Amino acid sequence: MSLGEKISDLRKKNGISQEKLAELLGISRQAVTKWESGKGNPDTENLIRLSEIFGVSLDELCGKEAEKPKKINYAMGHILCLLSVLILAAYCVIGGITGNFDGEILILLIILAVPMHCFTHLMFWGMAKSGEFSMLAGYDDSVKYDTEAMKRYVTGLDFMLGFETVSYLFLIAATALIVPEFEIYGILLVGYIISFIAGIFFMGYKFGDKIYSDPADAKKARRGLPSSVILVVVMLLSVFGFMLFFELKGYENNTARPFPMLGMMFVSIGFALGGYLAESKRLKKEEEPKPLFGKTFIICNVIAVAAILAMAIL
């Protein structure tokens, strides 16, 4: 008998409806239906509560389903992190020997390898090992998560970040050493940022329904996806717009001329972020929010886009 069948059997033997069981657990009826149909499993906290409600031991409740979850493999994250450091070291050694060493390239490689990869890897690894996810962006203490699914989610994020970072580190270092006259590092960096953000959305889509114990929470998370996408798009447009107009107008780094344009970039990002926070607050308050976007979110993003356009005339 599967865990879902066991829950259904014990519920019926105790004369408890799905609605009543959901009320006792503090979850939605859809979550109970999901468990009993085998489309999901309760987390450890809910398993303990179920055993108390039905008056049975955890072993009796779970049966064969009580087997330990498959061990998560952290090795690839460690290996990729090591590769980042090795590429950084190789660039210094080979660049010094060939005379193609460039201090600016070294700084770029250090930023990608150390804070972007190694530090983030340690954070994801620590979350997966401890089961404490409060440092994860978007984490909500009031929501019930499936701990094992969350561990696999952050491990997947760690692998994705590691793979992309190692790939771009290799491309940047190889280009700088072999064909230093091809100054395409800005393009590679932009590609890195775009692929990383796309990867985060992909992982969120892949694990969207799995990391939540309650389907109602998964539904709420999906409602916030459009505003998240718009936030990222506006922020990218702000940064890329600044870089584009900076080059087109021939500004120099050691002058004050780009500062008004830089100010508009921060205005754009600030209003985009403010609109996103306001929209997130609205979505949490309303069960079935209508329309798709709130007025504050729309106004803030209109101002953000106007700030991007203002860069062209400053």
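The values are calculated or read from the model by the stated rules, or taken from the named source; none is laboratory data. On a predicted model such as this, the values are computed, not experimentally measured, just so you know. Here the Cβ is made from the backbone with ideal geometry for all residues, glycine too, and neighbour counts use every protein chain on show.
List of remarks:
- Members of segment 8-22 found to be surrounded by 14 or more Cβ atoms within 10 Å (Cβ to Cβ) and either charged (D, E, K, R) or not assigned by TED's automatic domain parsing to the domain that holds Leu47 (or both), listed by number: Arg11, Lys20
- Of the helices (runs of 4 or more DSSP H) that lie entirely inside segment 99-190, those containing 1 or more residues that are closer than 24 Å to Asn46 by Cα span 120-130, 147-178.
- With respect to the conditions (1) at pLDDT below 90; (2) under 26 Å from the mean Cα position of the chain (by Cα), Leu50 falls short on a single one, namely (2).
- For segment 145-163, the condition of being farther than 26 Å from Gly95 by Cα and touching a strand residue (DSSP E or B) at 6+ places or on another chain (Cβ under 8 Å) holds for at least one residue.
- Taking the numbered list (1) in contact (Cβ under 8 Å) with a residue 12 or more places away in the chain; (2) out of contact with any helix residue (DSSP H, G or I) (no Cβ under 7 Å at 6 or more places or on another chain); (3) surrounded by fewer than 17 Cβ atoms within 10 Å (Cβ to Cβ); (4) of a type outside the set (Asp, Glu) in turn, Ile27 passes all entries but (3).
- Top-ranked residue in segment 228-282 [being among the β-branched types (Val, Ile, Thr) and without any contact (Cβ under 8 Å) to a residue 60 or more places away in the chain; ranked as surrounded by the fewest Cβ atoms within 10 Å (Cβ to Cβ)]: Thr255
- Yes/no for Leu169 being under 30 Å from Ser28 (Cβ atoms), aliphatic (A, V, I, L, M) and in contact with a Phe, Trp or Tyr (Cβ under 9 Å, 6 or more places away or on another chain): no
- In segment 191-217, of all residues being closer than 30 Å to Glu45 by Cα and aliphatic (A, V, I, L, M), the one that is surrounded by the most Cβ atoms within 10 Å (Cβ to Cβ) corresponds to Ile211.
- Single unsatisfied condition, Glu45 versus (1) assigned to a loop (DSSP other than H, G, I, E, B); (2) in contact (Cβ under 8 Å) with a residue 60 or more places away in the chain; (3) surrounded by fewer than 17 Cβ atoms within 10 Å (Cβ to Cβ); (4) outside the structural domain of Glu164 (by TED's automatic domain parsing): (1)
- Restricting segment 94-119 to residues that are touching a helix residue (DSSP H, G or I) at 6+ places or on another chain (Cβ under 7 Å) and small (Gly, Ala, Ser), the residue that is surrounded by the most Cβ atoms within 10 Å (Cβ to Cβ): Ala113
- Of all residues in segment 141-155, those being surrounded by fewer than 13 Cβ atoms within 10 Å (Cβ to Cβ) and not small (Gly, Ala, Ser) number 1.
- Residue count for segment 163-212, restricted to those that are among the small types (Gly, Ala, Ser), closer than 20 Å to Ser238 by Cα and within 18 Å of the chain's Cα centre (by Cα): 3.
- Residues in segment 126-147 that are within 20 Å of His78 (Cα to Cα) and in contact (Cβ under 8 Å) with a residue 40 or more places away in the chain: Ala128, Lys129.
- Within segment 252-264, the presence of a residue that is of a type in the set (Asp, Glu), in the same structural domain as Ile308 (by TED's automatic domain parsing) and modelled with pLDDT of 85 or more is excluded.
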